[in-house]
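Taken together, the values in this text are just the output of simple stated rules run on the coordinates, not laboratory data. Since the structure is predicted, the reported quantities are computational estimates derived from the model, not experimental observations. Here the Cβ is made from the backbone with ideal geometry for all residues, glycine too, and neighbour counts use every protein chain on show.
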Amino acid sequence: MDISKIRNSFQLKFGLHFISRTIVKEYCRKMSNYMNYSEASKLYDEARVAADAENIYNIFTGLLKKPANKIDLLDIGCGTGNYSYSFMKNGLQSITIADASQEMLNCAKIKMKVFEDKVTAQDIILPNLPFPEKSFDVISCMQVLHHIDSAALKESTKEHLQREDYPNMLETLGQAYNVLKPGGVLVIDVMFEENCESFWWTRLCPIAAKAFKRLRMSQKDMIQSLEKLNFENIVCTYFPGSRLVKKEIYDEIQCIDDPKWRYYLSQYKLVEKSGELDNLIKIVKDAETSGKLKEYFDDWSEKLWTHGNHSAVFAMKPLA
Ligand SMILES: C[S@@+](CC[C@H](N)C(=O)[O-])C[C@H]1O[C@@H](n2cnc3c(N)ncnc32)[C@H](O)[C@@H]1O
């Protein structure tokens, strides 16, 4: 369902923007029910990191060929601002931080205070990007897209998902194209199939692993979607060995029976829901008792060493 259409219809009906916004926001909260970000904002920074932010920054500035102090960046789904902060440290001209969760955005605002008037914060609900056309040199969208079609995908019984099954994702990419300046770069941090398989638990919990992958568009479909929108110079990178959560937390899998530890990675909710958690705990505890947990973790994590937890996709809007 197209959020802009819902919003417009409410606006027409009630003639009041704030009413439509509240109703649409409620709808979107349901859309992103994979994780409650009001709650998550309290613990998010204890564990999460801006994984590979410096490499990502170097790639997009390399494509852009502009000095940092001439770059205007929009970070959509900025969360608590970990990537926003890492990018901004390089001396960008301006940054707009935007998220649907007020609580996450508040954390980001506090973190970004050091950059003073170079920062604008905006409450947004993807796929809507309420910015004038050609506003930004860079748009970053880091670990966000898997949320925005989650409600519809949950209902879907389709075995093989295609591009059309991710309408909000497609709409977001299209709107990003419009608000990028010509020559601008879109940076999307996502998980493709092999990134999903880099998580140690996916081999042991096939039902949850399947649900985890379904939230994500395939690499081929993502690239084709960007091409269809006229993006060019599309580049994808893996970050072998890279974790989205601090290594000292991520690797401590003997804590799998601790709900607070599981809360650090929203994926464990899928394992709880699939009914595979008890068995997973048993496997880990047995491995620990036999003194082989480290060896097993390395084996289960094979794709972590080759692909890492995430991929970044870079795509340029043509200059003319
Ligand atoms: C996994 S967090 C990523 C945060 C940040 N980009 C990072 O990498 O640390 C996902 C973020 O997407 C936001 N989000 C989810 N659905 C959204 C939507 N429809 N519109 C805007 N933001 C959304 C959540 O509020 C959350 O802050």
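For Cα pairs less than 8 Å apart in space and 6+ apart in sequence, what is the mean separation divided by the residue count of segment 49-140, i.e. the relative contact order in percent?
Relative contact order for segment 49-140 comes out at 32 percent.
Please name which of 139, 201, 287 has its Cα lying farthest along the dipole of the chain towards the positive end, using unit charges on Cβ (Lys, Arg +1; Asp, Glu -1) and the Cα centre as origin.
Among 139, 201, 287, the one farthest towards the positive end of the dipole of the chain is 139.
What lysines could a cross-link reach from residue 118, if we take a straight Cα to Cα line under 17 Å and drop same-chain neighbours fewer than 8 places away?
Candidates past the 8-residue exclusion: 70, 89, 109.
Starting from the Cα gyration tensor of segment 168-320, take the square roots of the eigenvalues, sort them a ≥ b ≥ c, and report rounded, prolate or oblate (rounded when a/c is under 1.5, otherwise prolate if a/b is larger than b/c, else oblate).
prolate
Distance in nm between label sites at residue 120 and residue 281, each 7 Å beyond Cα in the beta-carbon direction?
So the two model labels end up 4.9 nm from each other.
Normalise the Cα radius of gyration of the chain by 2.2 N^0.38 Å (N = residues in it) and let me know the number.
Here the answer is 1.00, to two decimals.
Under the rule of at least 5 residues apart or a separate chain, name every residue whose amide H is placed under 5 Å from the amide H of residue 120.
Under 5 Å from the amide H of residue 120 lie the amide H atoms of 95, 96, 97, each far enough along the sequence or on another chain.
Give me the dipole magnitude in Debye, nearest 20, for segment 58-182 about the Cα centre, with unit charges on the beta carbon: positive for Lys and Arg, negative for Asp and Glu.
Dipole of segment 58-182, to the nearest 20 debye: 620 debye.
Going highest first, how would you order 147-159, 72-84, 91-103 by mean Cβ packing within 10 Å?
Going from most to least packed, we get 72-84, 91-103, 147-159.
Only four residue types carry charge here, +1 at the Cβ of Lys and Arg and -1 at the Cβ of Asp and Glu. Report the dipole size of segment 253-320 about the Cα centre in Debye, rounded to the nearest 20.
That gives a dipole near 380 debye.
Can you sort 169, 316 from fewest to most other Cβ atoms within 10 Å of each residue's own Cβ?
Starting with the residue having the fewest Cβ neighbours, the order is 316, 169.
Classify segment 242-290: rounded, prolate or oblate, from the alpha-carbon gyration tensor (a ≥ b ≥ c, eigenvalue square roots; a/c under 1.5 rounded; otherwise prolate if a/b is larger than b/c)?
oblate
Can you list the aspartates and glutamates whose alpha carbon sits under 15 Å from that of residue 292, skipping same-chain ones fewer than 8 residues off?
The qualifying aspartates and glutamates are 251, 252.
Which of the three applies to segment 123-210, rounded, prolate or oblate, going by the alpha-carbon gyration tensor with a ≥ b ≥ c and a/c under 1.5 meaning rounded?
Cα axes put segment 123-210 in the prolate bin.
Taking the beta-carbon count within 10 Å as an exposure proxy, list 61, 172 from fewest neighbours to most.
Going from sparsest to densest Cβ surroundings: 61, 172.
Could you work out [θ]222 nm for the chain from helices alone, using -39500 (n - 2.57) per DSSP H run of at least four and dividing by all its residues? Round to the nearest 500 deg cm²/dmol.
Result for the chain, helices only: -13500 deg cm²/dmol.
Can you tell me the 0 to 90 degree angle between the C-alpha axis of helix 37-47 and the longest principal axis of the chain, rounded to 10?
Approximately 60 degrees, to the nearest ten.
Check which residues have an amide H placed less than 5 Å from residue 181's amide H, if you skip close sequence neighbours.
Amide H neighbours of residue 181: 135, 136, 137.
When only Cα pairs under 8 Å and 6 or more residues apart are kept, what is the percent relative contact order across the chain?
20 percent
Which ³J(HN,Hα) values in Hz, rounded to whole numbers, follow from the phi angles of segment 177-190 under the Karplus curve 6.51 cos²θ - 1.76 cosθ + 1.60, where θ = phi - 60° and Gly and Pro get x?
4, 5, 8, 6, 6, x, x, x, 10, 9, 10, 10, 9, 9
Could the peptides 104-115, 197-208 be put in order, highest first, of the mean number of other beta-carbon atoms found within 10 Å of their residues?
Put in order of decreasing packing, that is 197-208, 104-115.
Which whole-Hz ³J(HN,Hα) couplings does segment 77-91 yield from phi under the Karplus relation 6.51 cos²θ - 1.76 cosθ + 1.60, θ = phi - 60°, glycine and proline marked x?
The phi angles translate into x, 5, x, 7, x, 5, 6, 3, 5, 5, 5, 5, 4, 7, x Hz.
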